[in-house]
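Below is one structure; the comments refer to it alone.
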Amino acid sequence: MSDATLTATATIAEPKAHGVALTDAAADKVRSLLTQEGRDDLRLRLAVQPGGCSGLIYQLYFDERYMDGDLTVDFDGVEVIVDKMSSPYLDGASIDFEDTIQKQGFTIDNPNASGSCACGDSFH
């Protein structure tokens, strides 16, 4: 096989999935919440929207629909969806779930965020 053939073959691939990771703790919590809701048709959607005091805010919610251009990754039965406009802002981000005496909830660690506001709900 020539180098040209290898290059042509390498460029033909399925669309790239998003670069967001989901920790085991977060996946377990999502499964628990879906079981409580009695739903198996929901996915976890992470998006970035304009707003907040730093310019952008995260949206993390369950969604039953797919939109044109959605990027998806399945984490052992938990599907995480990111829309194509949010994907560049979230590449390399990680969703975790904390359950401590001081804090309970989902957290998003995003290496693309260059700063955030004092409340921690928005970033730029």
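The values are calculated or read from the model by the stated rules, or taken from the named source; none is laboratory data. Note that the structure is predicted; figures quoted are calculated from it, not measured. Backbone-built Cβ (ideal geometry, glycine too); neighbour counts: all protein chains shown. SASA here: full protein model, heavy atoms, side chains in, ligands and nucleic acids out. Shrake-Rupley method; radii C 1.70, N 1.55, O 1.52, S 1.80 Å.
Would region 3-20 turn up any residue that is modelled with pLDDT of 90 or more, assigned to a strand (DSSP E or B) and surrounded by 16 or more Cβ atoms within 10 Å (Cβ to Cβ)? Looking through region 3-20, none of the residues is modelled with pLDDT of 90 or more, assigned to a strand (DSSP E or B) and surrounded by 16 or more Cβ atoms within 10 Å (Cβ to Cβ). When the residues of region 88-107 are narrowed to those that are under 11 Å from the mean Cα position of the chain (by Cα) and among the acidic types (Asp, Glu), which ends up nearest to residue 75 (Cα to Cα)? The selected residue is 96.
Whenever a residue of region 22-44 is free of Cβ contacts under 8 Å to residues at least 40 places away in the same chain, its partners that are open to solvent by less than 60 Å² (accessible area, probe 1.4 Å) and in a helix (DSSP H, G or I), lying with C-beta atoms within less than 7 angstrom and at least six residues away or across chains, give the pairs 40/34; 42/34. Selection of region 107-119 for residues being open to solvent by less than 50 Å² (accessible area, probe 1.4 Å) and modelled with pLDDT under 80 yields 113, 115, 117.
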